[in-house]
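Some notes on the structure that comes next.
The values are calculated or read from the model by the stated rules, or taken from the named source; none is laboratory data. Predicted, not measured: the structure shown is a model, and the values here were computed from it. A quick note on method: Cβ atoms are made from the backbone with ideal geometry, for glycine too, and the neighbour counts reach across all protein chains shown. Each accessible area value is taken on the protein alone, full model and side chains, heavy atoms only, with ligands, DNA and RNA left out. Shrake-Rupley method; radii C 1.70, N 1.55, O 1.52, S 1.80 Å.
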Amino acid sequence: MKEFTLGLVAEASEKVLHTNTAAALGSGSLDVYSTPAMIALMEKAACSIVNSCIDADTTSVGVSMSISHDAASLVGETITAKAVLTGVDGRKLTFKVIAADDFGTIGQGTHERFLVKREKFINKLKNRK
């Protein structure tokens, strides 16, 4: 496993399609980029940072997301999410996340992920009662 260095940055992009709109995902009634899709794209950017530093036995799980969705984006626009690693506290990683379209920032906030061992995490879930 590589060391996590504060300031690591990654991006993820996607087009606004009818399938990731608020109307399609049930988070609203308009054909605009949905908040759930924006959150998923922000997590994807953060995961890119994590995945570049971990071994095959380790993964990460999202544990918190505190964001604002500040502007709407229409079908056909491209959304780019950027994650910056801002904190490392043991297995907890903290990221600043920002999403933008061609006109500027559409959302921003903070995201936390926890590093876990894949097999141990799944086995613990299977043994829940």
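Quick notes on this structure:
- Count - residues of the stretch 95-129 that are touching a Leu at 6+ places or on another chain (Cβ under 8 Å), open to solvent by 30 Å² or more (accessible area, probe 1.4 Å) and more than 19 Å from ALA56 (Cα to Cα): 1
- The stretch 105-129 residues that are over 30 Å from THR80 (Cβ atoms), paired with ones that are among the polar types (S, T, N, Q) (beta carbon under 7 Å, 6 or more apart): LYS117/THR58
- Here the condition is being of a type in the set (Val, Ile, Thr), in contact (Cβ under 8 Å) with a residue 12 or more places away in the chain and farther than 16 Å from ALA10 by Cα; of VAL50, VAL61, VAL84, VAL97, it holds for VAL61 alone.
- For the stretch 53-91, taking the residues that are under 15 Å from the mean Cα position of the chain (by Cα) and more than 18 Å from GLN108 (Cα to Cα), the one that is least open to solvent (accessible area, probe 1.4 Å) is identified as SER60.
- Of the residues examined, LYS44 is one that is open to solvent by 70 Å² or more (accessible area, probe 1.4 Å) and under 27 Å from PHE121 (Cβ atoms).
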